Amino acid sequence: MAINILMPALSPTMTEGKLAKWHVKEGDKVSSGQVICEIETDKATMEVEAVDEGIVGRILVAEGTEAVKVNAPIAILVEEGEAVPAGPAPQATPAQPPAAAPPPTPPASAQAPVAAPVPSAAPAAKPAPPKAAPAARDGQRIFASPLAKRIAAEAGLDLARIDGSGPHGRIVKADVEAARKGGTARAAPPAAPGERPAAAAAFPAGETRKIPHTSVRKVIARRMLESKQQVPHIYLTVDYEIDALLAARQAINAVGEKSKIKVSVNDMVIKACAQALRDHPDVNASWTETDMIQYGTVDVSVAVATDRGLITPIVRNADLKGIGRIASEMKDLAARAREGKLKLEEFQGGGFTISNMGMYGIKDFAAVINPPQAAILAVGAGEQRVVVRDGQMVIRTIMSCTLSADHRVVDGAVGAQFLQTLRGYIEQPAAMLL
Amino acid sequence: MAETSFDLIVIGTGPGGYVAAIRAAQLGMKTAVVERDHLGGICLNWGCIPTKALLRSAEVFHLMKHADSFGLSAKDVGFDAKKVVERSRKVAGQLNAGVKHLMRKNKITVFEGAGRLDGVAGGLRKVAVTDKDKKATALTAKNVILATGARARELPGMEADGKLVWTYKEAMVPPSIPKSLLVIGSGAIGIEFASFFRTFGSEVTVVEVLDRILPVEDEDISAFARKAFEKQGMKLMTSATVKALKKGTNSVTAAIEAGGKTQELTVERVISAVGIVGNVENLGLEGTKVKVERSHVVIDQWGFTGEPNVYAIGDLCGPPWLAHKASHEGVIAVEHIAGLKNLHPLDVSNVPGCTYCTPQVASVGLTEKAAKEKGHQVKVGRFPFIGNGKAIALGEPDGLVKTVFDARTGELLGAHMIGPEVTELIQGYGIARTLETTEAELMHAVFPHPTLSEAMHEAVLDAYGRVIHI
């Protein structure tokens, strides 16, 4: 009995992904639990394991294919000696989706109101027939008017890729027609190289290239645009004197040398922020249309630059952890972030973000808030500056920080109080031990 | 000292204005309304409601006269025009008091007098109110909604005098039922009065300049209505124009041109129902960016006039001149002012139109002709009430339900009805259109038996060749 292997939904918001790599080829025997392919999703690359035993009869989606819809058949598994069907197995028996490794876990309950509910069962048990326009989005029902469904089906548009403007986001006729006109719901047409005017030949230049967006790039673009368009940012800049913090770091690292613990300034900033967030739950919060969400745990996201783009792994319960533990966790998270091997729960959620560009010599900058969080702290380089203390010019190591805060949640004075508390921890690091 | 500064002032308290004011109050705005006449406007005092009261009297009278067809006997059936009118006024009065109560309940301040825009001061709109004793009150508001409505259009040389030539206003309080009556215009207003007076025994002639009566309705409905009215003894002249009215002591002689010939008709009274013009005068629009075109204020899809913080709604802004359209526009304008998200402009094609003649007429969406002109391939369904058990039991089997679907998508483009209680039924198709259902959901929906609404189901089935009861 041939079995369809379906494109799995690796996250609650995933609607499509890139089939990055096949680990098996046609004719290979696979056993349950064996990694068969890698899928690049919104934010990470994930390995997909086989659920059933069998022989890879046919690979339906080639390596490197972009925008493979969730639940689309990607390969056919057959039994030994069985004839290989030309296309996906018939739908009469539900085909099994491969198990995603690891299965998505719901975010901490305190953060649930801002996260999409996670489907309780495995994603749709059978692939949607090609004509059925209302394919499940994250395994959930898509709300669309009957007329919108029918027009979408007729035009071959995927409702999961159309935003609804009706009551409670219901997709209505006008949305489908706008998508049809704008072509927004279709796969992007192949990039046609633009013709270069003859006059340009006088100034020979390198070839203009069109580079298709990666999933990560698209997500970054969408989220940053949303943030800047929809979140009213307020910016508060402060200078922290970090000589005491540097001294403390040296002392910690001297002690930790034997146990190979090495603490960075950033790790100490994470800890300081966590302490300050515990003192200011109104900053560890999110705006929703009806309520203010204050998180019950202090989970700090830390921006990590990778060659795939920006990602923000989370140090959970950072207020309860020691600096050494934060340092080792952060080291592990950053390394796996660079490899694209973070698990979903390791970068989804978080109540506050730190973005540190000190290592690039950036003196001070204003970061874009990472929604639905209400604030992000941009950390500049620690540098020696001449400052005035008690009427005297003295040299101190100064680190400028700018808090970008969602003004709907954090008023200027609230943000300033938070930064004041943070000053206490950064300038007197012993306070973090209390 | 009464409060004079508000978040919102609504000028006019018809079904557009007072509903807008209540919605604003719900959204937490400090709201005032300005009314020069009666709370509730024309609709409630001189339009929709009192005419329905009159037509109910006509309906009961008609039933009593035909009592024997129900196996009943009623002797000496008669009427007292004065009492019929009294009842109508009482109904209007009761609802007028109801609006007063709603204003109080929602803490909306009511200013009696004529309101007009009076410039800007300190970023606020100024509104000047002048009451009957010429006493002036100066108000300010962040936003103003103009909702002053409309009035009967008058043809030059045929202006209503209130005695021999009436507009709807005089026709609503007739001292007696005229023996003969000429109605100029066969839109909803003209036809309703024609129907009312015909039921009470007037010799009624309706003159329509276009080639059919109820010209905004589907052609099938116009034709069906014509037959029904002629059967009742109404005289209908289409493609005809009243050229002149010559007034006598207690009669009017009209020169009516039709088919190149002019004929004279002498009647006791004339009702002029030739359309509507917006009440755009004395609103202080001069020197503002508010644009007036063909006697109506020009607005965008949210009711915004182009003049900062000035909105306009309802009949003042043009057709369809319907109370329910005005109410919806009022709500949308207020929600736009409040900055609510996900607002949708009013889709006029989802506004049902109702005419309360006998038989009633109701419709929503496109006529078959309009649908074809828009390039739709259509599927049309028809079902006569003679095939509906409830209609026969009621003794009102005259009528027709017609549906127009887009053949490709199954969209219900329009629905057109004539017959018993169709004004109460049309909302079913209105909801269907608003929810964007296709023929499939309408076919799957279970309509209760025995009801008139089954005819609506059958008309859908008929469009797809699946009708049961014909």
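Every number in this text was worked out from the coordinates using simple rules, so none of it is lab data. Keep in mind it's a predicted model, so treat the numbers as computed, not measured. When we count neighbours, we look across all protein chains shown, and the Cβ atoms used for this are built from the backbone with ideal geometry, even at glycine.
Could you give the angle, 0 to 90 degrees to the nearest 10, between helix B:188-199's Cα long axis and the longest principal axis of the Cα atoms of chain B?
Approximately 50 degrees, to the nearest 10.
At a Förster distance of 30 Å, what's the computed FRET efficiency of B:THR130 paired with B:GLN94, Cβ-Cβ distance as r, to 0.05?
Details: r = 29 Å, r/R0 = 0.97.
The formula returns an efficiency of 0.55 here.
Relative contact order for the stretch B:359-463 using alpha-carbon pairs under 8 Å, separation at least 6, rounded to a whole percent?
Working: 213 pairs, mean separation 36.3, N = 105.
The value is 35 percent.
Taking Cα atoms, how many degrees apart are the long axis of helix B:219-231 and the longest axis of chain B, rounded to 10 and kept between 0 and 90?
70 degrees
Give me B:VAL173, B:VAL60, A:VAL48 ranked fewest to most by other Cβ atoms within 10 Å of their Cβ, as a rough exposure proxy.
Working: B:VAL173 16, B:VAL60 13, A:VAL48 24.
Neighbour counts put them in this order, fewest first: B:VAL60, B:VAL173, A:VAL48.
Please arrange B:HIS457, B:HIS324, B:HIS344 by counting, for each residue, the other beta carbons lying within 10 Å of its beta carbon, fewest first. Can you show the working numbers first?
Working: B:HIS457 23, B:HIS324 18, B:HIS344 13.
With the fewest neighbours first, B:HIS457, B:HIS324, B:HIS344 line up as B:HIS344, B:HIS324, B:HIS457.
Computed from the mean reciprocal separation of all distinct C-alpha pairs, what Kirkwood hydrodynamic radius does the stretch A:247-313 have, in Å? Could you put the intermediate results ahead of the total?
Numbers: mean 1/r = 0.0690 Å⁻¹.
Taking every pair of different Cα atoms in the stretch A:247-313, averaging 1/r and inverting gives 14.5 Å.
Short version: ³J(HN,Hα) in whole Hz for each residue of the stretch A:339-353, in order, from phi by Karplus 6.51 cos²θ - 1.76 cosθ + 1.60 (θ = phi - 60°), x for Gly and Pro, what are they?
8, x, 10, 6, 7, 3, 5, 7, 10, 9, x, x, x, 6, 10
Order by neighbour count: A:THR65, B:THR13, fewest other Cβ atoms within 10 Å first, most last. Let's see the in-between values first.
Working: A:THR65 15, B:THR13 30.
Going from sparsest to densest Cβ surroundings: A:THR65, B:THR13.
Got a sec? Which residues in the stretch B:269-295 would a label at B:THR241 touch, if it sits 7 Å along Cα→Cβ and we count backbone N under 17 Å?
Answer for this model: B:273-275.
Using a Förster distance of 45 angstrom, determine the FRET efficiency expected from the C-beta separation of B:GLU112 and B:PHE447, and round it to 0.05. Walk me through the numbers on the way to the answer.
Working: r = 48 Å, r/R0 = 1.06.
Once rounded, the FRET efficiency stands at 0.40.
R0 = 22 Å: FRET efficiency of A:ARG170 with B:GLN301, Cβ-based, nearest 0.05? Numbers along the way, then the final one.
Details: r = 20 Å, r/R0 = 0.89.
Here the calculated transfer efficiency is 0.65.
If you average the alpha carbon positions of the stretch B:392-430 and of the stretch A:284-306, how far apart do those two centres end up, in angstrom?
Going from one Cα centre to the other spans 54 Å.
Can you tell me which lysines have their Cα less than 19 Å from the Cα of B:LYS246? Leave out same-chain residues fewer than eight positions away.
B:LYS246 reaches B:LYS163, B:LYS179, B:LYS261.
Sticking with the crude label model, points 7 Å out along Cα→Cβ, report the distance from B:GLU373 to A:ALA155 in nm, one decimal please.
Computed distance between label sites B:GLU373 and A:ALA155 equals 2.6 nm.
Tally the DSSP beta bridges in chain B and give the antiparallel ones as a percent, rounded to 5.
Working: 55 of 86 bridges.
Antiparallel: roughly 65 percent of the beta bridges in chain B.
Pick out, in residue order, every one of the GluC sites (Glu not before Pro) in the stretch B:261-346 that is DSSP loop and has at most 13 other C-beta atoms within 10 Å; say none if there are none.
On the way: sites: B:GLU264, B:GLU268, B:GLU281, B:GLU286, B:GLU293, B:GLU329, B:GLU335; in loops: B:GLU268, B:GLU281, B:GLU286.
Here the sparse-neighbourhood loop sites are B:GLU281, B:GLU286.
Run the dipole for the stretch A:232-433 about the Cα centre, Lys and Arg Cβ at +1, Asp and Glu Cβ at -1, nothing else charged, and hand back the magnitude in debye, nearest 20.
Working: 21 positive and 23 negative charges, 155 e Å.
That gives the stretch A:232-433 a dipole magnitude of about 740 debye.
When every alpha-carbon pair in the protein assembly as shown is counted, what percent end up more than 50 Å apart?
Working: 175367 of 408156 pairs.
Tail of the P(r) past 50 Å holds 43 percent of the pairs.
Using only Cα atoms, locate the centre of the stretch B:33-112 and the centre of the stretch B:162-224, then give the distance between them in Å, rounded to an integer.
The distance from the Cα centre of the stretch B:33-112 to that of the stretch B:162-224 comes to 19 Å.
Which value in nm describes the separation of the simple spin-label points at A:ARG396 and A:LEU225, placed 7 Å from the Cα toward the beta carbon?
4.4 nm
Given contacts defined as C-alpha pairs under 8 Å and at least six residues apart, what's the relative contact order of the stretch A:207-331, whole-number percent? Please list the in-between numbers first.
Numbers: 104 pairs, mean separation 28.6, N = 125.
With pairs under 8 Å counted, the relative contact order is 23 percent.
If the only charges are +1 at each Lys and Arg Cβ and -1 at each Asp and Glu Cβ, what is the size of the charge dipole of chain B around the Cα centre, to the nearest 20 debye? Could you put the intermediate results ahead of the total?
Working: 54 positive and 52 negative charges, 216 e Å.
With Lys and Arg at +1 and Asp and Glu at -1, about 1040 debye.
If one takes the longest principal axis of the Cα atoms in chain B, at what angle in degrees, from 0 to 90 and to the nearest 10, does the Cα axis of helix B:422-434 lie?
Taking the Cα atoms of chain B, the angle to B:422-434 is about 60 degrees.
Can you list which of the GluC sites (Glu not before Pro) found in the stretch A:336-422 are DSSP loop residues with at most 12 other C-beta atoms within 10 Å? Provide the component values of the computation, followed by the final result.
Details: sites: A:GLU339, A:GLU345, A:GLU346, A:GLU383; in loops: A:GLU339.
Answer by residue number: A:GLU339.
Taking the Cα-to-Cβ direction at A:LYS25 and at A:HIS213 and moving 7 Å from each Cα, how far apart do the two end points lie in nm?
Roughly 3.5 nm, to one decimal.
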